[in-house]
Amino acid sequence: MSAVNKLAPESWYLALLGFAEHFRTSSPPKIRLCVHCLQAVFQFKPPQRVEARTHLQLGSVLYHHTKNSELARSHLEKAVVPQFEDVKFEAASLLSELYCQQNLVDSAKPLLRKAIQISQQTPYWHCRLLFQLAQLHTLEKDLVSACDLLGVGAEYARVVGSEYTRYLLLMERKLQEVHPLLTLCGQIVENWQGNPIQKESLRVFFLVLQVTHYLDAGQVKSVKPCLKQLQQCIQTISTLHDDEILPSNPADLFHWLPKEHMCVLVYLVTVMHSMQAGYLEKAQKYTDKALMQLEKLKMLDCSPILSSFQVILLEHIIMCRLVTGHKATALQEISQVCQLCQQSPRLFSSHAAQLHTLLGLYCISVNCMDNAEAQFTTALRLTTHQELWTFIVTNLASVYIREGNRHQELYSLLERINPDRSFPVSSHCLRAAAFYIRGLLSFFQGRYSEAKRFLRETLKMSNAEDLNRLTACSLVLLGHIFYVLGNHRESNNMVVPAMQLASKIPDMSVQLWSSALLKDLNKACGNTMEAHEAAQMHQNFSQQLLQDHIAACSLPEHNLISWTDGPPPVQFQAQNGPTTSLANLL
């Protein structure tokens, strides 16, 4: 230490800082040694500015690379000192993120407001802090306040001469108002002349919003051109180097998302599209790519948005697994989502309803209908999101139809999602699903003409937007109706394409159902060879589903189906699940 004390005041600080950065960027990162180097700065009783910046650096490293959020918070709170504005604004930005992660939104808002008030001479931080506060209001569904803040930010960017940041904030604001302004926003982006990286960044931002808008509306065919543009755009931006052309205006330094995060986001929306469209092998492929990229990023950056991306990816691939007949894997991934949510109160509050919805879907797949009802009821209590609410109600209605003795509750639900009247959401996909649920109920009640009307409506809507799973389900159910009515030719015309489509998805339940119908159809028509082949297919699908069912119910994570209150349970006890006949699995 005596040798270090003889160094010039700046030398010891730069030496410790250099060591800290070396350890932080090592592969793998040596965060404990990085923290020790930064903590050593305080031993030299540094000037106030150096002390404040070191608190910021420690807070940032602990926040991004460790789970010690309390110590990170302590350092960041010490870094928010009025006399050093460059340190204060960065610390306020990070600290507000940490508060939100801990569900302390009421602490984050005044901190951001105060920083916004005094940051008007620092364009970059003023725009970034306004954007953060607007995002916070958006999360709270206070879209009026969010739009007001984005408008203030866009006007400020105009005054300081930053067209790039102005357009970025205007697009975010206008897309709160949505549909009529999508074309206008696209024209703004295409006509803007500026830094190539900024132009591509604006284009990615706009296209992500446009793609998610279409996906929210359940329009998976209409979104294809936009999604293709987005995928091409991210390839272009990946080849550009950030340091090629540095903006001269400080306000232009504002970025809505790092380039590496954009790549993961594009993978994510591709997975969302593939799942909705029924391209489940493609969804798996892009999920694997995205999770691999996330693992690499999380080695150097524990940003909360990466955990959000990971949870959303897992939520989508879990639904794919349940369709493809991999229930045991789906259950383990549900448990993984639980573990991620345990690490972040904010993540849990944002995804609790989705978690219970996934458990409800899993319960349906293993024929635990009472548990499915409990999970969906819990999810309905926890969500205010209209599309998710409609999705849950649709699935809960299917549970009541299968149980066959919950008529009052069922009719009450169906009135709330009546596709022939005022449907609660604009989603094309959910409205088509509501027609299918009506058709399913009419089938079970023996009202076959009414069932055919509802199912033909589902087919019309699902074909219009390439909703392959709904198409396959509608075809096989129509085939079943025609078989019951004795119209074997028409039944075959429905079941054969249903089987082909289900094999392409692949949807194990529809394949099982289709193969059973093909076996009976061919037997009734005297086609002995074809009947034998269909029977063999049915036996194979039955065995696969039964083995997966037993494997899933034997996992300790199966106990999650009983969790309906509070945070996710930390540990699971091993349990042998119920063994039901394969007929009950359907």
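The values are calculated or read from the model by the stated rules, or taken from the named source; none is laboratory data. Since the structure is predicted, the reported quantities are computational estimates derived from the model, not experimental observations. Note: ideal-geometry Cβ built from the backbone for every residue, glycine included; neighbour counts use all protein chains shown. For accessibility, only protein heavy atoms count, side chains too; no ligands or nucleic acids. Shrake-Rupley method; radii C 1.70, N 1.55, O 1.52, S 1.80 Å.
The C-beta contact set for segment 367-384 (first residue at positive phi, second residue open to solvent by 30 Å² or more (accessible area, probe 1.4 Å) and in a helix (DSSP H, G or I), distance under 7 angstrom, 6+ apart or interchain) comprises N367/N584. The set of residues in segment 1-57 being surrounded by 12 or more Cβ atoms within 10 Å (Cβ to Cβ), modelled with pLDDT under 80 and over 30 Å from M299 (Cα atoms) consists of V4, L7. Filtered by the rule that a residue be part of a helix (DSSP H, G or I) and over 14 Å from the mean Cα position of the chain (by Cα), segment 350-371 gives H356, L359, G360, L361, Y362, C363, I364, S365, M369, D370, N371.
When E85 is tested against (1) surrounded by 22 or more Cβ atoms within 10 Å (Cβ to Cβ); (2) closer than 22 Å to L17 by Cα, just one condition goes unmet, and that condition is (1). A count restricted to segment 28-42 and to residues that are free of Cβ contacts under 8 Å to residues at least 12 places away in the same chain and either part of a loop (DSSP other than H, G, I, E, B) or more than 37 Å from the chain's Cα centre (by Cα) (or both) stands at 1.
Matching residues to (1) farther than 27 Å from R113 by Cβ; (2) surrounded by 14 or more Cβ atoms within 10 Å (Cβ to Cβ); (3) at pLDDT below 70:
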position	(1), (2), (3)
E140	no, no, no
D148	no, yes, no
Y156	no, yes, no
Q176	no, yes, yes
H179	yes, no, yes
V189	yes, yes, no
Q198	yes, yes, no
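Taken over segment 430-447, residues that are of a type in the set (F, W, Y) and within 31 Å of the chain's Cα centre (by Cα) amount to 2. Quick check: anything in segment 477-497 in contact (Cβ under 8 Å) with a residue 60 or more places away in the chain, under 26 Å from V220 (Cα atoms) and either open to solvent by less than 60 Å² (accessible area, probe 1.4 Å) or not aliphatic (A, V, I, L, M) (or both)? No, that holds for no residue. For the condition at negative phi, in a helix (DSSP H, G or I), free of Cβ contacts under 8 Å to residues at least 60 places away in the same chain and buried (at least 18 other Cβ atoms within 10 Å of the Cβ), K109 qualifies.
Beta carbons closer than 6 Å, at least 6 apart along the sequence or on distinct chains, never pair a first residue in segment 74-100 that is in contact (Cβ under 8 Å) with a residue 12 or more places away in the chain with a second that is surrounded by fewer than 21 Cβ atoms within 10 Å (Cβ to Cβ) and among the aromatic types (F, W, Y). Taking R453 as the residue in question, decide whether it is open to solvent by 20 Å² or more (accessible area, probe 1.4 Å), free of Cβ contacts under 8 Å to residues at least 24 places away in the same chain and in contact with a helix residue (DSSP H, G or I) (Cβ under 9 Å, 6 or more places away or on another chain). Judged against the criteria, R453 is a match. Selection within segment 388-437: residues that are aromatic (F, W, Y) and open to solvent by 50 Å² or more (accessible area, probe 1.4 Å). The member of this set that is farthest from F454 (Cα to Cα) is F391.
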